[in-house]
1. Bin all alpha-carbon pair distances of the range 362-441 at 5 Å intervals from 0 and give each bin's fraction as a whole percent.
2. With only alpha-carbon atoms counted, please give the Rg and Dmax of the range 219-310, in Å.
3. How many angstrom lie between the Cα centre of the range 309-342 and the Cα centre of the range 64-99?
4. Hey, rough spin-label estimate for residue 237 and residue 140, points 7 angstrom out along Cα→Cβ, what's it come to in nanometres?
5. Of the peptides 72-84, 117-129, how do they stack up when ordered by the mean number of other Cβ atoms within 10 Å, highest first?
6. Can you put 150, 243 in order, fewest other beta carbons within 10 Å first?
7. Return the distance in nm (one decimal) between the two label points of a simple spin-label model at residue 127 and residue 340, each offset 7 Å from Cα along Cα→Cβ.
8. Among 346-353, 61-68, how do they line up from the highest to the lowest mean number of other beta-carbon atoms within 10 Å?
Ligand code: HEC
Ligand code: HEC
Ligand code: HEC
Ligand code: HEC
Ligand code: HEC
Ligand code: HEC
């Protein structure tokens, strides 16, 4: 044997990729199966019906996870993250804390579950300062797919560890560890399979080339045999092929179109806007670590249309004493000496055509700042968390039940609404909150 030629490489590669894809599919299935087995004994301490949800949910059903991903982003992400507390609790490990038979009615109408006196629900509701989660007109299947998405996200290695402490309501580690173990086992299996496959492919290539060499030594081959024997993959022809060019062209056009649509849709959108401020003021330090109440500085937020930005005098309540030597704090002193306000850069800014009132949302509706502004208490520098588009306002108004408790203004309206649409929640939009004139002058 003089040399080993890898002529049929393209074909082999294709076969290799296809086989690999097949194996991955199979092993994902295996992972799901292992998970089922792994969780059952470990999770027995936690509510058992929860595991019944897991196979349906966590069964590696990519379609359900994708659907759940979209539904989660559209409905839940403004208040929930999988591995982090935002307005509501981190949802990681929810199937271990609660059975699916609890989650379904909860998402459809959480206030009903709380009102029913369910111990867990009442405790959770109180823990989150009686913040009411909106009701969702989602089907069982849709909610299950959201749960599937949550489960798939929490399964992600290091995030799982992070999720541990946030999911504090009940011990969840047993099931989690089992799942991680199963994941590792599948990974090793996969690697072994890949190695075996590579060895197989290389062996086949070597055998193929050996046989060709033997055949070449024979004199009794006719023209056709030689043609087959010396067959090569013609890359030049491949590149010139109109089909390939067509495909590349179409893909290129689609990418351009997609980017174009994305950038047009983003015109006027300032979500994520995070300007540098003149003083390195940190909400994480003040509102997070030192737990200073938002309204201590934004004094008008519960009383009037706008939330004010605090004047330098408010800073001085503390900084006449605290950190007086810091260069950042000296900027406050300079502003006061010059009798000029600190020039904070405005972040949130609706166009003049829209009317938004803070007190209506914070005082009357009882919404938390974080619902709209995100985890401000974790922000070193504030950024615009929500899109502030009309669709964003309207979506919430469609879903959010009005906080009518202890508010006489709503007593008759609620009665009227209930007599007409028994069972349907009394949302902001049932009270006219999606009429143009409510938000446009
Ligand atoms: C406007 C904010 C908000 C939205 C939107 C929201 N939730 Fe919640 N959710 C909460 C709050 C707050 C709690 C804590 C309980 C309470 O105060 O009522 C909660 C609790 C939960 C719980 C119980 C968590 C636990 O640890 O036991 C689940 C499950 C849940 N939400 C699922 C969802 C799903 C699914 C969606 C989307 C379809 C969603 N939530 C949308 C605010 C929200
Ligand atoms: C110690 C005073 C102080 C406290 C407490 C405080 N803030 Fe602020 N906040 C400021 C200052 C100063 C600015 C302007 C500079 C900036 O954007 O960081 C600001 C800016 C903001 C902005 C952006 C305003 C804009 O330009 O659009 C939001 C939103 C906000 N705060 C929300 C909150 C919330 C929510 C809390 C409570 C969790 C809070 N703040 C607590 C002082 C405070
Ligand atoms: C209720 C008290 C209080 C108020 C009001 C307050 N701060 Fe602070 N601030 C603190 C505390 C406490 C620290 C942390 C000091 C430390 O790290 O030792 C701090 C730290 C800072 C720092 C970091 C200083 C450094 O160099 O580490 C800056 C900048 C700052 N504050 C700016 C402001 C501004 C601007 C305002 C007004 C909008 C303000 N603070 C209002 C209590 C306050
Ligand atoms: C329902 C959503 C929502 C809630 C809840 C909410 N905000 Fe806002 N916030 C907004 C919007 C929208 C703007 C932009 C207003 C504008 O440009 O007229 C804004 C702007 C601000 C600003 C910039 C100044 C202003 O009024 O334009 C501050 C500061 C602020 N919010 C603080 C708070 C604080 C503190 C809380 C909680 C007590 C809170 N917000 C609750 C939606 C909300
Ligand atoms: C997170 C949910 C949420 C978001 C986001 C939100 N709102 Fe609201 N909004 C409410 C609730 C709840 C009420 C009902 C308050 C009450 O009880 O009167 C309300 C009431 C209102 C009202 C009074 C409606 C009436 O019937 O009198 C106006 C106007 C309004 N919102 C404007 C806006 C605008 C403009 C935006 C977007 C910039 C917005 N809202 C975003 C929850 C929201
Ligand atoms: C809950 C509040 C709310 C309601 C109800 C509402 N809008 Fe809006 N609308 C807004 C906000 C906020 C903006 C600004 C959005 C932005 O800057 O992207 C806006 C923007 C607009 C714009 C300007 C779009 C642009 O790109 O400048 C038009 C036109 C408009 N709304 C029409 C309507 C009509 C028609 C209705 C009734 C069917 C309506 N709106 C109901 C909140 C509302």
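1. Binned Cα distances yield the sequence 3, 13, 19, 21, 17, 12, 8, 4, 2, 0.
2. Final numbers for Rg and Dmax: 32.7, 100 Å.
3. After rounding, the separation between the Cα centres reads 41 Å.
4. 5.8 nm
5. Numbers: 72-84: 18.5, 117-129: 13.7.
The packing order, highest mean first, is 72-84, 117-129.
6. Working: 150 28, 243 8.
Fewest-to-most Cβ neighbours within 10 Å comes out as 243, 150.
7. With each label point 7 Å from Cα toward Cβ, the separation is 5.0 nm.
8. Numbers: 346-353: 10.9, 61-68: 17.5.
Packing proxy ranking, top to bottom: 61-68, 346-353.
Every number in this text was worked out from the coordinates using simple rules, so none of it is lab data. Because the structure is predicted, anything quoted here is derived from the model rather than measured. Quick reminder, even Gly has a Cβ in these numbers, built from the backbone with ideal geometry, and neighbours come from all protein chains shown.
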